[in-house]
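Novice: Submitted below is the structure of interest, expressed as C-alpha coordinates.
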Amino acid sequence: MNLDLRTVTESEYPDWLRAVGTGFLNSTVATEEEIKGRLAHTDLSRVQGVFDAGRCVATFRSFAQELSVVGGATVRADAISGVTVTPTHRRRGLLSRMMTADLAAAKERGDVVASLLAAEYPIYGRYGFGPATWTTQWEIDVPRAGLDPRRPVPSEGDGGRIDLVDGAEVRKLGPALHDRLAARQPGVINRDQRWWQLNTGLDLPPNDQWKEPFYAVHRSADGEADGLIAYRADDNWGDAKQPLNQATVKSMIAVSPEAERALWLFLCSIDWITTVRTGHRAPDDLLPLLLPDPRAARIVTQADWLWLRLLDVPRALEARTYATEATLVLDVRDGTGLTAGRFRLDVSPSGASCTPTTQSADLTLDVGDLATLYLGDESALRLAALGRVEENRAGAAASAEAVFRTARRPWCPDMF
(Lines give C-alpha, C1' and ligand atoms only; values in the text may rest on other atoms or scores of the structure.)
Protein backbone atom coordinates (compact mmCIF):
# COMPACT_ATOMS: atom_id res chain seq x y z
CA MET A 1 0.00 0.00 0.00
CA ASN A 2 1.13 3.54 -0.71
CA LEU A 3 1.31 5.11 2.76
CA ASP A 4 2.59 8.66 2.47
CA LEU A 5 4.26 10.29 5.48
CA ARG A 6 4.32 14.06 5.24
CA THR A 7 4.04 17.32 7.12
CA VAL A 8 0.37 18.22 7.48
CA THR A 9 -0.94 21.26 5.63
CA GLU A 10 -3.64 23.61 6.86
CA SER A 11 -6.18 22.05 4.51
CA GLU A 12 -5.30 18.56 5.82
CA TYR A 13 -5.43 19.55 9.48
CA PRO A 14 -9.17 18.82 9.96
CA ASP A 15 -8.62 15.26 8.73
CA TRP A 16 -5.57 14.99 11.01
CA LEU A 17 -7.76 16.01 13.98
CA ARG A 18 -10.33 13.40 12.97
CA ALA A 19 -7.59 10.74 13.01
CA VAL A 20 -6.41 11.89 16.46
CA GLY A 21 -9.97 11.52 17.75
CA THR A 22 -10.19 8.05 16.25
CA GLY A 23 -6.91 6.97 17.83
CA PHE A 24 -7.84 8.22 21.30
CA LEU A 25 -11.44 6.91 21.06
CA ASN A 26 -12.84 10.42 21.24
CA SER A 27 -15.13 12.42 18.98
CA THR A 28 -14.00 12.49 15.37
CA VAL A 29 -15.94 15.64 14.55
CA ALA A 30 -14.34 19.07 15.04
CA THR A 31 -16.18 22.30 14.34
CA GLU A 32 -14.70 25.00 12.16
CA GLU A 33 -14.34 27.20 15.24
CA GLU A 34 -12.44 24.47 17.09
CA ILE A 35 -10.16 23.85 14.12
CA LYS A 36 -9.43 27.55 13.79
CA GLY A 37 -8.68 27.86 17.52
CA ARG A 38 -6.29 24.90 17.49
CA LEU A 39 -4.51 26.08 14.35
CA ALA A 40 -3.77 29.43 15.98
CA HIS A 41 -1.61 27.61 18.55
CA THR A 42 -0.15 24.84 16.38
CA ASP A 43 3.17 24.82 14.53
CA LEU A 44 2.20 22.83 11.45
CA SER A 45 5.85 22.35 10.52
CA ARG A 46 6.00 19.94 13.48
CA VAL A 47 2.77 18.07 12.72
CA GLN A 48 3.14 14.79 10.84
CA GLY A 49 0.54 12.54 9.28
CA VAL A 50 0.51 9.32 7.32
CA PHE A 51 -2.03 9.29 4.50
CA ASP A 52 -3.61 6.34 2.70
CA ALA A 53 -5.37 7.37 -0.49
CA GLY A 54 -5.66 10.90 0.89
CA ARG A 55 -7.07 9.89 4.28
CA CYS A 56 -5.02 10.46 7.44
CA VAL A 57 -4.37 7.14 9.22
CA ALA A 58 -1.57 8.08 11.66
CA THR A 59 -0.74 11.25 13.59
CA PHE A 60 2.22 12.76 15.42
CA ARG A 61 3.13 16.24 16.59
CA SER A 62 5.81 17.89 18.67
CA PHE A 63 6.37 21.32 20.18
CA ALA A 64 9.02 23.27 22.04
CA GLN A 65 9.28 22.67 25.76
CA GLU A 66 11.64 23.50 28.62
CA LEU A 67 12.46 20.88 31.24
CA SER A 68 13.82 21.62 34.71
CA VAL A 69 16.73 19.36 35.66
CA VAL A 70 18.60 18.68 38.90
CA GLY A 71 20.02 21.96 40.18
CA GLY A 72 17.38 24.20 38.61
CA ALA A 73 18.70 24.69 35.09
CA THR A 74 16.41 24.05 32.11
CA VAL A 75 17.11 22.18 28.90
CA ARG A 76 15.36 22.36 25.56
CA ALA A 77 12.97 19.48 25.01
CA ASP A 78 11.13 18.14 21.98
CA ALA A 79 7.72 17.45 23.52
CA ILE A 80 5.80 14.72 21.68
CA SER A 81 2.02 14.40 21.73
CA GLY A 82 -0.97 13.44 19.59
CA VAL A 83 0.59 10.10 18.60
CA THR A 84 -1.95 7.70 17.06
CA VAL A 85 -2.22 4.97 14.47
CA THR A 86 -5.69 4.13 13.18
CA PRO A 87 -6.74 0.57 14.12
CA THR A 88 -6.91 -0.46 10.44
CA HIS A 89 -3.24 0.45 9.91
CA ARG A 90 -1.45 -0.96 12.96
CA ARG A 91 1.74 -3.03 12.77
CA ARG A 92 2.99 -1.42 9.60
CA GLY A 93 5.85 0.61 11.08
CA LEU A 94 4.03 3.95 10.85
CA LEU A 95 4.95 5.08 14.37
CA SER A 96 8.58 4.18 13.74
CA ARG A 97 8.63 6.28 10.59
CA MET A 98 7.12 9.30 12.34
CA MET A 99 9.29 8.96 15.43
CA THR A 100 12.48 8.59 13.40
CA ALA A 101 11.71 11.74 11.43
CA ASP A 102 10.82 13.77 14.51
CA LEU A 103 13.84 12.76 16.61
CA ALA A 104 16.22 13.46 13.72
CA ALA A 105 14.70 16.93 13.31
CA ALA A 106 14.88 17.56 17.06
CA LYS A 107 18.55 16.64 17.20
CA GLU A 108 19.24 18.85 14.19
CA ARG A 109 17.47 21.74 15.96
CA GLY A 110 19.70 21.30 18.98
CA ASP A 111 17.12 19.96 21.43
CA VAL A 112 18.77 18.20 24.37
CA VAL A 113 16.02 15.69 25.18
CA ALA A 114 12.68 14.50 23.86
CA SER A 115 9.75 14.08 26.24
CA LEU A 116 6.34 12.45 26.28
CA LEU A 117 3.66 10.91 28.49
CA ALA A 118 3.16 7.28 27.49
CA ALA A 119 -0.43 6.09 27.14
CA GLU A 120 0.96 2.52 27.06
CA TYR A 121 4.14 1.43 28.82
CA PRO A 122 5.68 -1.02 26.28
CA ILE A 123 5.71 1.27 23.24
CA TYR A 124 8.43 3.87 23.69
CA GLY A 125 11.37 1.98 25.16
CA ARG A 126 12.28 0.74 21.70
CA TYR A 127 12.80 4.35 20.61
CA GLY A 128 15.27 5.13 23.42
CA PHE A 129 12.81 6.59 25.94
CA GLY A 130 12.79 5.71 29.62
CA PRO A 131 10.44 6.68 32.48
CA ALA A 132 12.16 9.57 34.30
CA THR A 133 9.42 10.54 36.77
CA TRP A 134 6.51 8.76 38.43
CA THR A 135 3.25 10.07 39.80
CA THR A 136 1.10 9.22 42.80
CA GLN A 137 -2.46 10.23 43.63
CA TRP A 138 -3.92 9.87 47.09
CA GLU A 139 -7.49 9.83 48.34
CA ILE A 140 -7.83 11.24 51.86
CA ASP A 141 -10.56 10.04 54.19
CA VAL A 142 -10.89 13.37 56.00
CA PRO A 143 -12.84 12.20 59.09
CA ARG A 144 -10.23 9.49 59.68
CA ALA A 145 -7.23 11.84 59.25
CA GLY A 146 -7.30 12.91 62.91
CA LEU A 147 -7.28 16.65 62.23
CA ASP A 148 -8.75 18.97 64.83
CA PRO A 149 -11.50 20.96 63.10
CA ARG A 150 -11.29 23.63 65.81
CA ARG A 151 -7.66 24.43 65.00
CA PRO A 152 -7.14 27.42 62.68
CA VAL A 153 -5.41 26.94 59.36
CA PRO A 154 -2.62 27.78 58.85
CA SER A 155 -1.47 26.66 62.28
CA GLU A 156 -1.13 29.17 65.05
CA GLY A 157 2.18 30.93 65.26
CA ASP A 158 3.49 30.73 61.69
CA GLY A 159 2.14 34.16 60.78
CA GLY A 160 0.90 33.04 57.36
CA ARG A 161 -2.55 33.31 55.89
CA ILE A 162 -4.70 31.79 53.18
CA ASP A 163 -6.83 33.89 50.82
CA LEU A 164 -9.38 32.78 48.27
CA VAL A 165 -8.70 34.49 44.92
CA ASP A 166 -10.08 34.51 41.38
CA GLY A 167 -8.63 33.46 38.04
CA ALA A 168 -7.29 36.92 37.27
CA GLU A 169 -5.21 36.86 40.47
CA VAL A 170 -3.97 33.36 39.62
CA ARG A 171 -2.76 34.61 36.24
CA LYS A 172 -0.79 37.33 38.05
CA LEU A 173 0.73 35.19 40.80
CA GLY A 174 0.96 31.77 39.15
CA PRO A 175 3.76 32.18 36.59
CA ALA A 176 6.29 33.47 39.14
CA LEU A 177 5.35 30.74 41.61
CA HIS A 178 5.72 28.12 38.92
CA ASP A 179 9.17 29.46 38.00
CA ARG A 180 10.20 29.16 41.65
CA LEU A 181 8.96 25.58 41.71
CA ALA A 182 10.89 24.73 38.52
CA ALA A 183 14.09 26.10 40.06
CA ARG A 184 13.88 23.62 42.92
CA GLN A 185 12.00 20.64 41.45
CA PRO A 186 13.53 18.47 38.68
CA GLY A 187 10.99 17.26 36.14
CA VAL A 188 8.89 20.43 35.94
CA ILE A 189 7.99 21.59 32.44
CA ASN A 190 7.27 25.17 31.45
CA ARG A 191 3.80 26.68 31.44
CA ASP A 192 3.26 29.37 28.82
CA GLN A 193 0.68 32.15 28.89
CA ARG A 194 -1.86 29.98 27.08
CA TRP A 195 -1.59 27.33 29.83
CA TRP A 196 -2.58 29.88 32.46
CA GLN A 197 -5.42 31.14 30.29
CA LEU A 198 -6.84 27.68 29.59
CA ASN A 199 -6.57 26.64 33.23
CA THR A 200 -8.34 29.74 34.51
CA GLY A 201 -11.20 29.69 32.01
CA LEU A 202 -9.91 32.07 29.32
CA ASP A 203 -9.58 31.30 25.60
CA LEU A 204 -11.28 27.91 26.01
CA PRO A 205 -11.95 25.58 23.07
CA PRO A 206 -15.54 25.73 21.79
CA ASN A 207 -18.04 23.58 23.71
CA ASP A 208 -15.63 23.17 26.62
CA GLN A 209 -17.69 22.38 29.72
CA TRP A 210 -15.76 24.72 31.99
CA LYS A 211 -16.51 24.72 35.68
CA GLU A 212 -14.73 27.43 37.61
CA PRO A 213 -12.57 25.92 40.39
CA PHE A 214 -11.83 27.46 43.74
CA TYR A 215 -8.40 29.07 44.08
CA ALA A 216 -6.55 29.57 47.35
CA VAL A 217 -3.22 31.35 47.86
CA HIS A 218 -0.96 30.89 50.88
CA ARG A 219 1.04 33.94 51.92
CA SER A 220 3.98 33.72 54.28
CA ALA A 221 4.40 35.94 57.34
CA ASP A 222 6.02 38.64 55.18
CA GLY A 223 3.03 38.66 52.81
CA GLU A 224 4.76 36.85 49.92
CA ALA A 225 2.71 34.30 47.99
CA ASP A 226 4.43 30.92 48.33
CA GLY A 227 1.62 28.48 47.58
CA LEU A 228 -1.36 28.14 45.25
CA ILE A 229 -4.04 25.49 44.97
CA ALA A 230 -6.93 25.04 42.54
CA TYR A 231 -9.68 22.59 43.45
CA ARG A 232 -13.25 21.66 42.65
CA ALA A 233 -15.90 20.14 44.89
CA ASP A 234 -18.94 18.02 44.10
CA ASP A 235 -22.35 18.19 45.77
CA ASN A 236 -23.11 14.84 47.35
CA TRP A 237 -25.28 14.27 50.41
CA GLY A 238 -26.21 10.97 52.02
CA ASP A 239 -29.70 9.69 52.75
CA ALA A 240 -29.45 10.86 56.35
CA LYS A 241 -28.64 14.36 55.10
CA GLN A 242 -24.97 14.03 55.98
CA PRO A 243 -22.37 15.65 53.67
CA LEU A 244 -20.30 13.27 51.52
CA ASN A 245 -18.61 15.83 49.32
CA GLN A 246 -15.29 15.27 47.57
CA ALA A 247 -12.72 17.96 46.76
CA THR A 248 -10.50 17.22 43.77
CA VAL A 249 -7.22 19.11 43.33
CA LYS A 250 -6.55 20.35 39.82
CA SER A 251 -3.18 21.90 40.57
CA MET A 252 -1.08 22.73 43.60
CA ILE A 253 2.21 24.65 43.78
CA ALA A 254 4.06 25.10 47.05
CA VAL A 255 7.58 26.48 47.29
CA SER A 256 7.95 26.03 51.04
CA PRO A 257 7.02 23.17 53.38
CA GLU A 258 4.97 25.62 55.42
CA ALA A 259 2.84 26.54 52.40
CA GLU A 260 2.44 22.91 51.43
CA ARG A 261 1.29 21.93 54.90
CA ALA A 262 -1.06 24.88 55.23
CA LEU A 263 -2.76 24.28 51.87
CA TRP A 264 -3.38 20.59 52.48
CA LEU A 265 -4.71 21.20 55.97
CA PHE A 266 -6.87 24.04 54.67
CA LEU A 267 -8.42 21.77 52.07
CA CYS A 268 -9.11 19.08 54.67
CA SER A 269 -10.71 21.65 56.99
CA ILE A 270 -13.44 22.86 54.63
CA ASP A 271 -16.93 22.15 55.93
CA TRP A 272 -18.80 19.29 54.18
CA ILE A 273 -15.63 17.93 52.52
CA THR A 274 -15.24 14.30 53.60
CA THR A 275 -12.90 13.08 50.84
CA VAL A 276 -9.99 14.74 49.07
CA ARG A 277 -8.46 13.55 45.80
CA THR A 278 -4.97 15.03 45.57
CA GLY A 279 -4.41 14.99 41.83
CA HIS A 280 -1.03 13.86 40.49
CA ARG A 281 1.75 14.39 43.02
CA ALA A 282 5.36 13.31 43.49
CA PRO A 283 5.63 9.79 44.95
CA ASP A 284 7.51 11.20 47.97
CA ASP A 285 5.07 14.05 48.56
CA LEU A 286 4.91 15.22 52.18
CA LEU A 287 1.15 14.82 52.30
CA PRO A 288 0.55 11.49 54.07
CA LEU A 289 2.93 12.35 56.91
CA LEU A 290 1.30 15.75 57.39
CA LEU A 291 -1.77 13.96 58.71
CA PRO A 292 -2.03 12.72 62.31
CA ASP A 293 -3.10 9.38 60.79
CA PRO A 294 -1.21 8.86 57.50
CA ARG A 295 -3.31 5.77 56.78
CA ALA A 296 -6.20 8.12 56.03
CA ALA A 297 -4.44 8.84 52.72
CA ARG A 298 -4.59 5.79 50.48
CA ILE A 299 -2.83 5.55 47.15
CA VAL A 300 -5.26 5.31 44.24
CA THR A 301 -2.77 5.89 41.40
CA GLN A 302 0.91 5.01 41.17
CA ALA A 303 2.37 5.01 37.67
CA ASP A 304 5.12 6.15 35.35
CA TRP A 305 4.62 9.70 34.12
CA LEU A 306 7.21 11.75 32.22
CA TRP A 307 9.36 9.75 29.78
CA LEU A 308 12.61 11.18 28.43
CA ARG A 309 14.91 10.39 25.55
CA LEU A 310 18.40 11.94 25.51
CA LEU A 311 19.34 13.53 22.18
CA ASP A 312 22.67 15.04 23.26
CA VAL A 313 24.34 13.08 26.06
CA PRO A 314 27.14 15.58 26.89
CA ARG A 315 24.83 18.62 27.01
CA ALA A 316 22.22 16.76 29.04
CA LEU A 317 24.66 15.47 31.66
CA GLU A 318 26.48 18.79 31.92
CA ALA A 319 23.22 20.70 32.46
CA ARG A 320 22.38 19.11 35.82
CA THR A 321 24.25 19.34 39.11
CA TYR A 322 25.79 16.59 41.24
CA ALA A 323 26.30 16.26 44.98
CA THR A 324 29.51 14.22 44.85
CA GLU A 325 32.88 14.13 43.13
CA ALA A 326 33.41 11.19 40.76
CA THR A 327 34.42 10.04 37.29
CA LEU A 328 32.42 7.56 35.24
CA VAL A 329 32.97 6.27 31.73
CA LEU A 330 29.60 5.40 30.19
CA ASP A 331 29.18 3.25 27.09
CA VAL A 332 25.78 4.37 25.81
CA ARG A 333 23.96 2.08 23.40
CA ASP A 334 21.40 3.53 21.03
CA GLY A 335 19.80 1.42 18.33
CA THR A 336 18.98 4.51 16.27
CA GLY A 337 22.58 5.76 16.32
CA LEU A 338 21.46 9.23 17.44
CA THR A 339 23.42 9.27 20.69
CA ALA A 340 25.47 6.08 20.82
CA GLY A 341 29.02 6.48 22.08
CA ARG A 342 31.39 6.29 24.99
CA PHE A 343 31.53 9.31 27.28
CA ARG A 344 33.67 10.31 30.22
CA LEU A 345 31.64 12.08 32.89
CA ASP A 346 33.55 14.09 35.50
CA VAL A 347 31.35 15.56 38.22
CA SER A 348 31.74 17.55 41.39
CA PRO A 349 29.53 19.93 43.36
CA SER A 350 31.07 22.77 41.37
CA GLY A 351 30.14 21.44 37.92
CA ALA A 352 30.34 18.64 35.37
CA SER A 353 32.16 17.80 32.16
CA CYS A 354 31.07 15.11 29.70
CA THR A 355 33.20 14.34 26.64
CA PRO A 356 33.60 11.49 24.14
CA THR A 357 36.40 9.10 25.08
CA THR A 358 38.12 5.88 24.07
CA GLN A 359 38.77 4.85 27.69
CA SER A 360 37.44 1.53 28.94
CA ALA A 361 33.83 1.76 30.04
CA ASP A 362 32.81 1.57 33.70
CA LEU A 363 29.16 0.98 32.81
CA THR A 364 27.34 -0.07 29.66
CA LEU A 365 23.68 0.90 29.35
CA ASP A 366 20.95 1.71 26.89
CA VAL A 367 20.14 5.38 26.24
CA GLY A 368 16.65 4.78 27.67
CA ASP A 369 18.10 3.55 30.96
CA LEU A 370 20.36 6.59 31.09
CA ALA A 371 17.22 8.73 30.69
CA THR A 372 15.66 6.85 33.61
CA LEU A 373 18.68 7.76 35.76
CA TYR A 374 18.95 11.33 34.46
CA LEU A 375 16.65 13.22 36.86
CA GLY A 376 17.69 11.16 39.88
CA ASP A 377 14.59 9.01 40.34
CA GLU A 378 15.93 5.53 39.65
CA SER A 379 18.68 3.50 41.32
CA ALA A 380 21.67 2.45 39.22
CA LEU A 381 22.14 -0.47 41.62
CA ARG A 382 18.59 -1.61 40.98
CA LEU A 383 19.04 -1.37 37.21
CA ALA A 384 22.25 -3.39 37.53
CA ALA A 385 20.40 -6.05 39.53
CA LEU A 386 17.80 -6.18 36.76
CA GLY A 387 20.52 -6.66 34.15
CA ARG A 388 19.75 -3.36 32.46
CA VAL A 389 23.08 -1.79 33.45
CA GLU A 390 26.25 -3.78 32.80
CA GLU A 391 28.97 -3.16 35.36
CA ASN A 392 32.37 -3.34 33.64
CA ARG A 393 34.29 -2.18 36.70
CA ALA A 394 33.59 -3.46 40.19
CA GLY A 395 31.79 -0.79 42.19
CA ALA A 396 30.83 1.29 39.15
CA ALA A 397 27.09 0.86 39.73
CA ALA A 398 27.49 2.10 43.30
CA SER A 399 29.43 5.11 41.97
CA ALA A 400 26.65 5.81 39.47
CA GLU A 401 24.14 5.56 42.30
CA ALA A 402 25.98 8.29 44.22
CA VAL A 403 26.38 10.42 41.09
CA PHE A 404 22.83 10.38 39.72
CA ARG A 405 20.47 9.74 42.64
CA THR A 406 18.79 12.72 44.33
CA ALA A 407 17.49 13.07 47.87
CA ARG A 408 13.97 13.98 46.70
CA ARG A 409 12.28 12.42 43.71
CA PRO A 410 11.67 14.37 40.47
CA TRP A 411 8.12 15.27 39.61
CA CYS A 412 6.24 16.58 36.59
CA PRO A 413 2.99 18.30 37.62
CA ASP A 414 1.48 18.57 34.14
CA MET A 415 0.02 16.60 31.27
CA PHE A 416 0.69 17.46 27.64
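The values are calculated or read from the model by the stated rules, or taken from the named source; none is laboratory data. A quick note: this is a predicted structure, and the numbers were derived from the prediction, not measured. Cβ sites come from the backbone with ideal geometry, for glycine too, and all protein chains shown count toward neighbours. Calculation scope for accessible area: heavy atoms of the full protein, side chains included, ligands and nucleic acids excluded. Shrake-Rupley method; radii C 1.70, N 1.55, O 1.52, S 1.80 Å.
Novice: Of all the accessible heavy-atom surface of the chain, with the other protein chains kept in place and a 1.4 Å probe, what percent is carbon and sulfur?
Specialist: With neighbouring chains kept in place, the figure for the chain is 49 percent.
Novice: Please compute the Cα-Cα pair-distance distribution of segment 138-187 with 5 Å bins starting at 0, giving whole percents from short to long.
Specialist: That works out to 4, 13, 12, 14, 19, 22, 13, 2, in percent per bin.
Novice: To the nearest 10 square angstrom, how much accessible area does ILE123 have with a 1.4 angstrom probe?
Specialist: 40
Novice: Give, rounded to the nearest 20 debye, the magnitude of the charge dipole that the chain has about its Cα centre when Lys and Arg contribute +1 at Cβ and Asp and Glu contribute -1 at Cβ.
Specialist: Here the chain has a charge dipole of around 680 debye.
Novice: Right, another one. Need one number: the % of Cα-Cα pairs in segment 77-207 sitting beyond the 26 Å mark.
Specialist: 53
Novice: First measure r as the distance between the Cβ atoms of ALA394 and TRP272, then evaluate 1/(1 + (r/R0)^6) with R0 = 60 Å and state the FRET efficiency to the nearest 0.05.
Specialist: Approximately 0.50, to the nearest 0.05.
Novice: Cut-off under 25 Å on the C-alpha distance; same-chain residues fewer than 8 positions from LYS172 excluded. Which lysines are left, in chain and number order?
Specialist: Those lysines meeting the cut-off are LYS211, LYS250.
Novice: Evaluate the Debye formula for segment 231-334 with equal point scatterers sitting on the alpha carbons, no solvent, and hand back log10 of I(q)/I(0) at q = 0.10, 0.14 Å⁻¹, in q order, two decimals.
Specialist: For segment 231-334 at q = 0.10, 0.14 Å⁻¹, log10 I(q)/I(0) is -0.49, -0.75.
Novice: Right, next: Any idea how far the Cα center of segment 134-188 sits from the one of segment 69-114, in Å?
Specialist: Each part reduced to its Cα centre gives a spacing of 34 Å.
Novice: For a quick check: with amide H placed at 1.01 Å from N, whose amide H comes under 5 Å from GLN65's, ignoring anything fewer than 5 positions away on the same chain?
Specialist: ALA77, ALA79
Novice: Where the Cα atoms of the chain are projected onto their three principal axes, how long is each span, largest first, in whole Å?
Specialist: 66, 58, 38
Novice: Please state the charge dipole magnitude for segment 104-191, taken about the Cα centre, from unit charges on C-beta atoms (+1 on K and R, -1 on D and E), reported in debye and rounded to the nearest 20.
Specialist: Dipole magnitude for segment 104-191 comes out near 240 debye.
Novice: Remind me, what semi-axes does segment 1-56 give for its equivalent ellipsoid, largest first in whole Å, using sqrt of 5 times each Cα gyration tensor eigenvalue?
Specialist: Working through the eigenvalues yields semi-axes of 19, 14, 9 Å.
Novice: Oh, and also: Does segment 1-144 classify as rounded, prolate or oblate by the C-alpha gyration tensor (a ≥ b ≥ c root eigenvalues; a/c under 1.5 gives rounded; else a/b over b/c gives prolate, otherwise oblate)?
Specialist: Since a/c reaches 1.5 and a/b is larger than b/c, the shape of segment 1-144 is classed as prolate.
Novice: Can you give the Rg to Rh ratio for segment 323-364, taking only C-alpha atoms and Rh from Kirkwood?
Specialist: 1.03
Novice: Follow-up question, since we're still on this one. Which listed residue (LEU177, LEU204, VAL165) has the Cα farthest towards the positive end of the charge dipole for segment 132-216, taking +1 on Lys and Arg C-beta and -1 on Asp and Glu C-beta about the Cα centre?
Specialist: Among LEU177, LEU204, VAL165, the one farthest towards the positive end of the dipole of segment 132-216 is LEU177.
Novice: So what J values fall out for segment 89-105 if you push phi through Karplus, 6.51 cos²θ - 1.76 cosθ + 1.60 with θ = phi - 60°, rounded to Hz, Gly and Pro as x?
Specialist: 10, 6, 6, 10, x, 5, 4, 4, 5, 5, 5, 4, 5, 5, 5, 5, 5
Novice: With unit charges on the beta carbons (Lys and Arg positive, Asp and Glu negative) and the dipole taken about the Cα centre of the chain, which residue among CYS354, THR339, GLY227 sits farthest to the positive side?
Specialist: THR339
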